[in-house]
Structures are given as structure tokens and as C-alpha cells.
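S.K.: Could you have a look at this structure, given as C-alpha cells, before my questions?
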Amino acid sequence: MTEFQKNIKFTSKKIDIHEHDILFPPAIGGYFIHETVGHLLESDNISILTVNDSVNCEFLSVTDDIKGNEHIVGLNKYDDNNVEIKRTELIKNGKIISLIDSNDGFFRTDSILKKTIPRMRVTYVENCKNFDYNCHEKYKNYVEISQIFGGGVDFRTGHYQLFVRGILYEDGIPTYRMENLLLSGNSQESLERIVFIGNDLKIVHAYCVKNNQMLDVGVGSPTIYIKKSGGI
């Protein structure tokens, strides 16, 4: 029996997720960024964000690139408008430098009978070397998000909701597994509370639904740690 199995309690415990720091393990943070940033950068959404805006996290860089992950999204050299797919830096050191639009091969559809629209492909947070410590050593009390199984964002306001399950860590020990948690907030405000991005990037497959079209996408991130509101 592992240390985790000996300590964790499988009984339910009611908590307010917003009273805790949040840890996104590698890849899982990619779902968070997909909703809180990615959709706000799709050019057909009249969003609160645009080029040259800051996302209030100076060490956050986000890229969309299918190279090495073509099998995840079923794309190769061209998008569904026959435009060449290019690696695109969306955010560099906290500043938006590109949108998801027609220029770099972002137009996609799930059927030849439907309209092509700007969509993410493989969107991920770049590894960060700003930190000379392991966040697991520095932070001991948090909710680790083990899965994000749904969610959405209002691109006009930046308000998001994510349906998640997680594990509560107390003094560095996993103590409770929790189901049916709702993580919500304002994208800009939440990004401002990121205090750690790791150097352990992982990319995984996900599904994304927009305008009644479901597509394969890739999401990725290193470890991301977010302090609770008022906790920085």
C-alpha cells in the first residue's frame, strides 16, 4: 500500500474550493489555460483581451503548435481552409502577441457541411525557468486538481467555470479526495494569482466544443500553482 493510499480518506468533505490554493499538475493546467485564455484569443469572439494586452502574469508564455502532436488533433500541414499551419506564440512573458485567426492555420470544422471557424489546435503553456525551487517543497496546503471534465468561459467578461475533481493536501499529505467541485472566477484575476510555473511540460488530448462543433485539441502545461484570492 502506498503512502497516498494509507493517508487519503475516500469519504466526502464539503469545502469551498476558493478558500484554498490550487495546484494544477502537468497537462491539467492546460485545460485551465484553454478556457481562461485560449477562447478569449479566438478572433471571432469579441473578447476582453486583444493584442498587446497584459494577462497579469509576467512569466506566462502560451504557444499553439501541432509539431510532434499531429496525431492528437488529426492535422498535418494545412488547416481546413487549406492555409499552412504555423507555430504561433500567443502570449510571451505575460503579453498577448497574437490572436487565433485565419493567418496561421487556425480555421477548423468538424464537418465539410459546417462553417470553418478559428479554433485552438495544440495550445500549451511553455516551460518556465524563473523558479529555483520545487513548489511541492514550498507549498503544503492546497487542492490538487486531478481532472477537469467540463467548463466554459464568457469571453465578454472573462468569467469562467470549470467542473473538476481534486485532492486536498494538508501539510503536504493527501487527505481527502473530492468530487463535483466547481472552480470559477475571472480569468484576468486568476492569472494574476499564479505564483509558480514549472519546467515539466506535458501535453494530452482533449475535446473542445464551440458553436456545436466538437473537435480534437491538445492541451498542455507544466505544473501551475495559484494562490487563493487575497493569499499572495
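The values are calculated or read from the model by the stated rules, or taken from the named source; none is laboratory data. Note that this is a predicted model, so its numbers are computed, not measured. Positions of Cβ are backbone-derived with ideal geometry, glycine not excepted, and every protein chain shown enters the neighbour counts. Accessible surface areas use protein heavy atoms only, side chains included; no ligands, DNA or RNA. Shrake-Rupley method; radii C 1.70, N 1.55, O 1.52, S 1.80 Å.
S.K.: If a residue must be in a strand (DSSP E or B) and either farther than 16 Å from I72 by Cα or open to solvent by 10 Å² or more (accessible area, probe 1.4 Å) (or both), how many such residues does the range 218-232 contain?
M.R.: Matching residues across the range 218-232 total 3.
S.K.: Next question. If you scan the range 118-144, which residues turn out to be crowded, with 20+ Cβ neighbours inside 10 Å and more than 19 Å from V219 (Cα to Cα)?
M.R.: Y142, V143
S.K.: Just the residues that are at positive phi and open to solvent by 70 Å² or more (accessible area, probe 1.4 Å), please, taken from the range 85-117.
M.R.: Passing the criteria: only N93.
S.K.: Answer yes or no: is there a residue in the range 196-217 that is out of contact with any Lys or Arg (no Cβ under 7 Å at 6 or more places or on another chain), more than 30 Å from N69 (Cα to Cα) and open to solvent by less than 30 Å² (accessible area, probe 1.4 Å).
M.R.: No, the range 196-217 has no match at all.
S.K.: Separate question: I'd like to know if the range 198-220 contains one or more residues that are farther than 18 Å from I91 by Cα, in contact with a Pro (Cβ under 8 Å, 6 or more places away or on another chain), in contact (Cβ under 8 Å) with a residue 24 or more places away in the chain and of a type in the set (S, T, N, Q).
M.R.: No; the residues of the range 198-220 include none that is farther than 18 Å from I91 by Cα, in contact with a Pro (Cβ under 8 Å, 6 or more places away or on another chain), in contact (Cβ under 8 Å) with a residue 24 or more places away in the chain and of a type in the set (S, T, N, Q).
S.K.: Would you check which residues across the range 145-156 are open to solvent by 70 Å² or more (accessible area, probe 1.4 Å) and assigned to a loop (DSSP other than H, G, I, E, B) and list them?
M.R.: Within the range 145-156, just R156 meets the criteria.
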